[in-house]
Amino acid sequence: MTDSDVVALAERVRDGELRLYELEDHADPDTAAAARRHLLAEETDTDLSAVGDYTFDAADAESNIENMVGAAQVPMGVVGPLPVDGGAAEGDHHLPLATSEGALLASVNRGISTIRNAGGATARVLKSGMTRAPVFRVEDVAEAGEVSAWVREHVDTLADAAESTTSHGELQDVTPYVVGDSVFLRFSYDTKDAMGMNMATIATEAACDVVETETPADLVALSGNLCSDKKPAAINAVEGRGRTVAADVLIPHEQVEDRLDTTSDAIVEANTRKNLVGSAKAGALGFNAHAANVVAAAFLALGQDMAQVVEGSNAITTVDTREDGLYASVTIASLEVGTVGGGTGLPTQSEALDVLGYSGGGDPAGSNADALAEVIAAGALAGELSLLAALSSRHLSSAHADLGR
Ligand SMILES: CC(C)(COP(=O)([O-])OP(=O)([O-])OC[C@H]1O[C@@H](n2cnc3c(N)ncnc32)[C@H](O)[C@@H]1OP(=O)([O-])[O-])[C@@H](O)C(=O)NCCC(=O)NCCSC(=O)C[C@@](C)(O)CC(=O)[O-]
Ligand SMILES: NC(=O)C1=CN([C@@H]2O[C@H](COP(=O)(O)OP(=O)(O)OC[C@H]3O[C@@H](n4cnc5c(N)ncnc54)[C@H](OP(=O)(O)O)[C@@H]3O)[C@@H](O)[C@H]2O)C=CC1
């Protein structure tokens, strides 16, 4: 790429010969991005040298972005080692996290060092299924009942159609929901190591063709919001979406005092009044302190879809004192993660997945994404413990004054 190539390409856009999004048809992806930056910098009178200073080949990001101008670079750090005894995850894990919130990694790292001293966290994926719920128009409720009955009796037929589009995905279930003359079909898939939203959407379209052929229902929208993707929704908190995953730990009482500068009783009281009572009063779906902090930072570092942090915050934190220590758990109802597809193949994200030890397809398929979910849940548990401790020992504002500004 030379400066004159970039300027010449930009000129063709300015002359109306090319649209801004057509540049990759006429130049390599890095030159196209540079020409766009050139135009944007002139148009907005800005300096985009930082945005343009990225290390990967723009060609590697072609399936992830349109109208590329550069990269938004967020600092990445690491916490750990985090010992996790999971159904799929095993051993010590270095967890890369990307964020701009100072004090967050320090906090999660403190929680992890406490968990490590206590012998590690246990974690399990309890349910797995990516959903897509199209909405159909029918004549009336009688017809809605007929369509629902047909669907319940023909799940195998729908599975044949859906699974013809994928070599990995498996249809698990289709649940009809009726509202007047609208029929919603909530399809749930085992998407193995993929987060699965593209896979489930493509498969569901094939199944919808069968529903339209065999019943009087007309498809209105392939996503009818009962899925429910990237919106706060009780159905995900109750039924789960992606992975439902839980992590727990038992910490000897003296270690709570040594490592977290507080007592087990104080953490239990903070959890009850804040995470349970406060969240109930707020009408929250998530009964936790900041699970979204770990979910978001892990998603950013590890190539997950950031908008699905919405579902990843559907977490309940429980804390109890037992004779032999403080028991703490985090259960995330709808953690949507994958180790193949989406942003997982981008260069920095793929390196970060390598650090964690779970990049690409697992053996058996699905085990890498299960392991990723278990480590994120254990990281969220560490974050919950540290923040609850900071609140009970009144260290939250001083921590952020020291580290976060
Ligand atoms: C900041 C600390 C950890 C200090 O806590 P401390 O106990 O003074 O730290 P320490 O110096 O004694 O070190 C203890 C451990 O913390 C870790 N640690 C300590 N410092 C670092 C560092 N620089 N970099 C990496 N790791 C660090 C490290 O693991 C270390 O153990 P070691 O390895 O030495 O055996 C503590 O005060 C804390 O956790 N505060 C809470 C901060 C927090 O959780 N913030 C979360 C964001 S809040 C938010 O966004 C959501 C909110 C609050 O609005 C949600 C809501 O409504 O609740
Ligand atoms: N379409 C939509 O409505 C939405 C899309 N998205 C986007 O979807 C993307 C994620 O979709 P997703 O389907 O996960 O990814 P991709 O569309 O990138 O597809 C991943 C593909 O990888 C193949 N694959 C190879 N090995 C495995 C394995 N071990 N386990 C599972 N699949 C494997 C599968 O192919 P095969 O199927 O042939 O077996 C699978 O379909 C993200 O970019 C996200 O932002 C997000 C929300 C909504």
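The values are calculated or read from the model by the stated rules, or taken from the named source; none is laboratory data. Computed from a predicted model, the values in this text were never measured in an experiment. Neighbour counts are summed over all protein chains in view; Cβ atoms, including those assigned to glycine, are modelled from backbone coordinates with ideal geometry. Just so you know, the surface numbers come from the protein's heavy atoms only, side chains and all, with ligands and any DNA or RNA stripped out. Shrake-Rupley method; radii C 1.70, N 1.55, O 1.52, S 1.80 Å.
Of all residues in region 153-171, those satisfying the criterion of being hydroxyl-bearing (Ser, Thr, Tyr), open to solvent by 50 Å² or more (accessible area, probe 1.4 Å) and closer than 10 Å to Ala203 by Cβ are Ser164, Thr165. Residues that are within 30 Å of Ala266 (Cβ to Cβ) and open to solvent by 60 Å² or more (accessible area, probe 1.4 Å) within region 300-325 comprise Ile316, Asp320, Thr321, Arg322, Glu323, Asp324, listed in sequence order.
Please verify whether Ala333 is within 20 Å of Ile115 (Cα to Cα), open to solvent by less than 30 Å² (accessible area, probe 1.4 Å) and in contact with an Asp or Glu (Cβ under 9 Å, 6 or more places away or on another chain), treating the condition exactly as stated.
No; evaluated as a whole, the condition is false for this residue.
For region 306-323, give me each residue that is touching a helix residue (DSSP H, G or I) at 6+ places or on another chain (Cβ under 8 Å), of a type outside the set (A, V, I, L, M, F, W, C) and more than 19 Å from Glu374 (Cβ to Cβ). Listed by number, the residues that qualify are Asp320, Thr321.
Candidates Glu374, Glu351, Glu384: the one that is more than 13 Å from ligand 2 (Cβ to nearest atom) and surrounded by fewer than 24 Cβ atoms within 10 Å (Cβ to Cβ) is Glu351. Among the residues examined, Val210 does not qualify as more than 16 Å from ligand 2 (Cβ to nearest atom) and within 24 Å of Asn314 (Cβ to Cβ). Quick one: is Val178 at pLDDT 95 or above, assigned to a helix (DSSP H, G or I) and either within 16 Å of ligand 2 (Cβ to nearest atom) or of a type in the set (A, V, I, L, M, F, W, C) (or both)? No, not satisfied. Hey, could you check region 181-223 for residues that are within 29 Å of Ala365 (Cα to Cα) and among the small types (Gly, Ala, Ser) and say which is farthest from ligand 1 (Cβ to nearest atom)? Residue satisfying both the conditions and the ranking: Ala206.
Among helices (runs of 4 or more DSSP H) entirely within region 184-297, having at least 1 residues that are small (Gly, Ala, Ser) singles out 197-214, 234-239, 264-270, 279-282.
Against the condition in contact with a Gly (Cβ under 6 Å, 6 or more places away or on another chain) and at negative phi, how does Val6 come out, does it pass?
Here the answer is no, as Val6 does not meet what is asked.
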